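Colleague: What follows is a structure written as C-alpha cells; I'll ask about it next.
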Amino acid sequence: MTNQELLMSHISKLSEDEISSLLDTVTVMLQEKEPAPKPACPHCAAQAVIRYGFKCKKQRFFCKNCGRTFVTTTNSIMANSHFTVSVWKEMIADTLHGNSIDFSAKCLGLYHQAAFDMRHKILMALLELPVVADICLGDVSEFDETFVLDCYKGKKLDTGIGRKPRKHGAKALKRGISSEYLCICTGIQRKGDAFVATVNRAKPSARELGSIFEGHIADGTLALCDGLRSYHALTGIADCTVRDCMNQECDDAHFFNLNTVNGFHSFIKKRYEFYRGVASKYINRYNALFAATYRNAESIIGRLTETVLAVTGTSYYHNNKDIRTAGILTI
C-alpha cells in the first residue's frame with residue numbers, strides 16, 4: 001500500500017468533526033508557508049520584482065525595471081543589523097515609552113553600547129518621520145521656552161568648558177538664566193501637535209525663533225506667547241496673529257493663557273530628570289521624542305514601527321558613525 005493510500009484509509013476513519021479540525025490545521029500550515037508579498041523596488045518604486053536567492057540569510061529581490069537588487073531590510077532602520085524584527089520593535093516601544101537605555105538592554109539581553117546605538121538610530125529616524133518632521137501648528141497655538149542645564153554625560157569635560165563636572169541633581173553655578181542653560185523653544189497647538197527645537201542658550205532671539213518655526217506655523221494661526229518681543233518675528237514667517245497673554249484682562253484669562261505649553265514643559269522636565277540629563281549634543285533628538293510622545297505615544301509607536309522597518313524609497317538607515325556626527329548640537 002502506498003503512502004497516499006495509507007493516508008486516505010486513515011482519513012476515511014475520521015469523524016466529520018475530526019476532518020474539519022484537520023482541514024483547519026492544514027489551512028493554517030499552508031498560510032504560514034506562503035511567501036511574504038514582494039515589496040516594490042526601493043530604488044525606482046517599480047512592482048516588477050522577482051525573488052533572487054538569499055544574501056546574508058535574507059531574501060534578495062531583483063528589479064526587472066532598474067536591474068538592481070535589494071533585500072528585505074534595504075533602506076529600513078534594520079539595514080546591516082544582526083538583531084531580529086522583534087528586538088527592534090521592543091526597542092522602538094521602549095524608546096517612545098521613555099524607558100532608559102540600561103532597562104532596555106537588560107530586558108532584551110543586549111550590551112549597553114548596542115542598546116545605545118539602536119536607541120539613537122530610532123531617534124534619528126523619528127526626526128525624519130513625516131508625521132513629526134512636517135508638523136504645522138495652526139488654530140490656537142501656544143509658544144514659550146523652557147530651560148535645562150547643559151550636560152556632557154558620556155564623556156570627559158573639555159578643558160575649555162570653564163567649570164568642574166556636576167553631580168546628578170547639582171545646580172548651576174550662576175543665578176538666573178545663564179550660559180549654563182540650554183533653551184528649549186516649544187510650540188504646541190491646543191488639542192494638537194507640538195514642535196520643539198534647541199538652537200541657542202539663554203533667551204531666543206527673533207532670528208533664532210524664525211529659523212526654528214519657519215514652515216511649522218499655518219496661516220491664520222493665533223499664536224499666544226508670554227510677552228517676549230522676539231515672538232513677534234513669527235508674523236514674518238506666516239500670516240498669523242501674535243498675542244501677549246500677560247497683558248490681557250482678567251475676564252479673558254480663561255482663554256488667553258499658556259496652560260497647555262506649561263503642561264508640556266512639565267512633561268519634558270520629568271522625562272529629562274528621569275534620564276538624569278541628556279547629553280547636550282543630542283538634545284534635539286530627544287526634543288523630537290518629547291514632542292512626538294506627548295499625548296499620543298501609542299499612535300506614534302505604530303506609525304514609526306510600520307514606516308522604519310519597511311522597504312521603501314525613503315532611507316531611514318543610519319550607521320554608527322552618523323550617530324556621533326550627524327545633526328548634533330554645537331553651541
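Colleague: Using the structure shown, decide if residue 85 is open to solvent by 50 Å² or more (accessible area, probe 1.4 Å) and among the aliphatic types (A, V, I, L, M).
Modeller: Working: open to solvent by 50 Å² or more (accessible area, probe 1.4 Å): yes; among the aliphatic types (A, V, I, L, M): yes.
Yes.
Colleague: A follow-up question, please. As an exercise: evaluate residue 227 against (1) small (Gly, Ala, Ser); (2) closer than 25 Å to residue 127 by Cβ; (3) without any contact (Cβ under 8 Å) to a residue 24 or more places away in the chain and give the number of the one condition it does not meet.
Modeller: Of everything listed in (1) small (Gly, Ala, Ser); (2) closer than 25 Å to residue 127 by Cβ; (3) without any contact (Cβ under 8 Å) to a residue 24 or more places away in the chain, residue 227 misses just condition (2).
Colleague: Is there a residue in the stretch 301-321 that is touching a helix residue (DSSP H, G or I) at 6+ places or on another chain (Cβ under 8 Å), charged (D, E, K, R) and at pLDDT 90 or above?
Modeller: no
Colleague: I'd like the full set of residues that are within 23 Å of residue 152 (Cβ to Cβ) and charged (D, E, K, R), limited to the stretch 178-211. Outline the logic, then answer.
Modeller: Here is the first cut: in the stretch 178-211, the residues within 23 Å of residue 152 (Cβ to Cβ) are 178-185, 196-204, 208.
Those that are within 23 Å of residue 152 (Cβ to Cβ) and charged (D, E, K, R): 180, 201, 203, 208.
Colleague: Grab the helices (runs of 4 or more DSSP H) fully contained in the stretch 192-299, keeping just those with 2 or more residues being farther than 30 Å from residue 323 by Cβ and open to solvent by less than 40 Å² (accessible area, probe 1.4 Å). Walk me through it before giving the result.
Modeller: Details: elements: 206-213, 259-274, 283-293.
Output list reads 259-274.
Colleague: Any idea which residue in the stretch 300-327 is surrounded by the fewest Cβ atoms within 10 Å (Cβ to Cβ), counting only those that are among the β-branched types (Val, Ile, Thr) and not in a helix (DSSP H, G or I)?
Modeller: As a first pass, look at the stretch 300-327 and keep what is among the β-branched types (Val, Ile, Thr): 300-301, 305, 307-308, 311-312, 314, 323, 325.
Filter again for not in a helix (DSSP H, G or I), leaving 311-312, 314.
Working: 311: 19, 312: 16, 314: 14.
Within the stretch 300-327, the match that is surrounded by the fewest Cβ atoms within 10 Å (Cβ to Cβ) is 314.
Colleague: Among the numbered criteria (1) out of contact with any Phe, Trp or Tyr (no Cβ under 8 Å at 6 or more places or on another chain); (2) modelled with pLDDT of 90 or more, which single criterion is violated by residue 267?
Modeller: Of the numbered conditions (1) out of contact with any Phe, Trp or Tyr (no Cβ under 8 Å at 6 or more places or on another chain); (2) modelled with pLDDT of 90 or more, the odd one out for residue 267 is (1).
Colleague: Can I ask one more? Checking residue 59 against (1) out of contact with any strand residue (DSSP E or B) (no Cβ under 7 Å at 6 or more places or on another chain); (2) of a type outside the set (Val, Ile, Thr); (3) open to solvent by less than 70 Å² (accessible area, probe 1.4 Å), which test does it fail?
Modeller: (1)
Colleague: Within the stretch 222-232, count every residue that is touching a strand residue (DSSP E or B) at 6+ places or on another chain (Cβ under 6 Å) and under 19 Å from residue 262 (Cα atoms). Explain how you work it out, then say what you get.
Modeller: From the stretch 222-232, those touching a strand residue (DSSP E or B) at 6+ places or on another chain (Cβ under 6 Å) are 222-227, 231-232; that's our starting set.
So of that shortlist, the ones also under 19 Å from residue 262 (Cα atoms) come out as 222-227, 231.
Number of matching residues: 7.
Colleague: Continuing with the same structure: Does at least one position in the stretch 129-136 carry a residue that is open to solvent by 40 Å² or more (accessible area, probe 1.4 Å), touching a residue at least 12 places away in the same chain (Cβ under 8 Å) and either among the acidic types (Asp, Glu) or under 30 Å from residue 245 (Cα atoms) (or both)?
Modeller: Yes: the stretch 129-136 contains one or more residues that are open to solvent by 40 Å² or more (accessible area, probe 1.4 Å), touching a residue at least 12 places away in the same chain (Cβ under 8 Å) and either among the acidic types (Asp, Glu) or under 30 Å from residue 245 (Cα atoms) (or both).
Colleague: For the stretch 302-320, state whether one or more residues are under 23 Å from residue 181 (Cα atoms) and either in contact with a Phe, Trp or Tyr (Cβ under 6 Å, 6 or more places away or on another chain) or in contact (Cβ under 8 Å) with a residue 40 or more places away in the chain (or both). Break it down into steps so the answer makes sense when it comes.
Modeller: Start the filter on the stretch 302-320 by keeping residues that are under 23 Å from residue 181 (Cα atoms), which leaves none.
The answer is no, given that none of the residues of the stretch 302-320 is under 23 Å from residue 181 (Cα atoms) and either in contact with a Phe, Trp or Tyr (Cβ under 6 Å, 6 or more places away or on another chain) or in contact (Cβ under 8 Å) with a residue 40 or more places away in the chain (or both).
Colleague: If you don't mind, another one. With 206, 172, 125 as the choices, which residue is farther than 26 Å from residue 295 by Cβ, aliphatic (A, V, I, L, M) and at pLDDT 90 or above?
Modeller: Values: 172 fails: at pLDDT 90 or above; 125 fails: farther than 26 Å from residue 295 by Cβ.
Being farther than 26 Å from residue 295 by Cβ, aliphatic (A, V, I, L, M) and at pLDDT 90 or above holds for just one of 206, 172, 125, which is 206.
The values are calculated or read from the model by the stated rules, or taken from the named source; none is laboratory data. No experiment lies behind these values; they were computed from the predicted model shown. Neighbour counts are summed over all protein chains in view; Cβ atoms, including those assigned to glycine, are modelled from backbone coordinates with ideal geometry. Heavy atoms of the whole protein, side chains included, go into the accessibility calculation; ligands, DNA and RNA do not. Shrake-Rupley method; radii C 1.70, N 1.55, O 1.52, S 1.80 Å.
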